[in-house]
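What follows is one structure encoded as structure tokens, with my remarks underneath.
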Amino acid sequence: TKLMTALVCVSSVENLDQEFVVSGSSVIKEAGSSTAFLQVGESLSIRNLLYGMLLPSGNDAAVAVAEATAGSVSAFVDRMNEKALELGCLSSHFTNPHGLPDDNHYTSPYDIYLILKECMKYDSLREILATKEIQVQYKDKNGIPKSQVWKATNLYSTGEKELPDGLEILAAKTGTTKKAGYCLALTVDKASTAIPYYSVVMKGTNKENLYENMTNLLDKIS
């Protein structure tokens, strides 16, 4: 879901370095919700909000990205569904910018491939999705400078899982909820070619199952 949120944002916003003040809508109380630990009243660039959404997978940052882009979450979700139709994502419908469960919110591995492929057309997203770790600077509600370190959550980038020989990650996004299971979308580069490969695994039963399946797929191209 956050790949689509990022795509709608960068295709709509001309200046990603403009500041946005986090609103109360970013406060998500659902148990286990992933967070970028943003507080109401803090001021961040939209670019840094994208980092907070795509690296630690912050649901709070996703709401802020939506509001910064379209003025409201509902207006942003309309744009998400318009973009899905534009890309030919026929098995997708979005009701929120973060991907928390909703009966009318769904997608498919093929649609995620279409979305990720479109994301790769934007230099800003290529840079963010390839980042393993970043320290961001922003201001708290009183205008006092503040910083956080955000790290990528996929285990290939953290070094906890080994990428097959000859492959390099160009972009990665994890996604996990109880209903969707463990999910991962990758763009990888094969050293001997200039062709990017896209690999998507969804509904893994646990992290081990997710990375076993992903590594098996990647082994076919290494």
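The values are calculated or read from the model by the stated rules, or taken from the named source; none is laboratory data. Note that this is a predicted model, so its numbers are computed, not measured. Surface accessibility is based on the protein's heavy atoms, side chains included, excluding ligands, DNA and RNA. Shrake-Rupley method; radii C 1.70, N 1.55, O 1.52, S 1.80 Å.
3J(HN,Hα) couplings calculated from phi for region 89-99 with the Karplus curve 6.51 cos²θ - 1.76 cosθ + 1.60 (θ = phi - 60°) are, in sequence order, 7, 7, 10, 10, 8, 10, 10, 7, x, 10, x Hz; Gly and Pro show x. Expressed as a whole percent, the accessible surface of region 157-220 that belongs to carbon and sulfur atoms is 50, based on a 1.4 Å probe. The residues of region 157-220 present an accessible area of 56 Å² per residue when probed at 1.4 Å with all protein chains retained.
For region 1-153, what % of the accessible area comes from carbon and sulfur atoms, probe 1.4 Å?
Ligands and nucleic acids excluded, carbon and sulfur reach 47 percent.
Based on protein heavy atoms only, region 1-153 ends up with 46 Å² per residue of surface accessible to a 1.4 Å probe. Semi-axes of the equivalent ellipsoid for the chain, computed as √(5λ) from the eigenvalues of its C-alpha gyration tensor and ordered from largest down, come to 27, 19, 17 Å.
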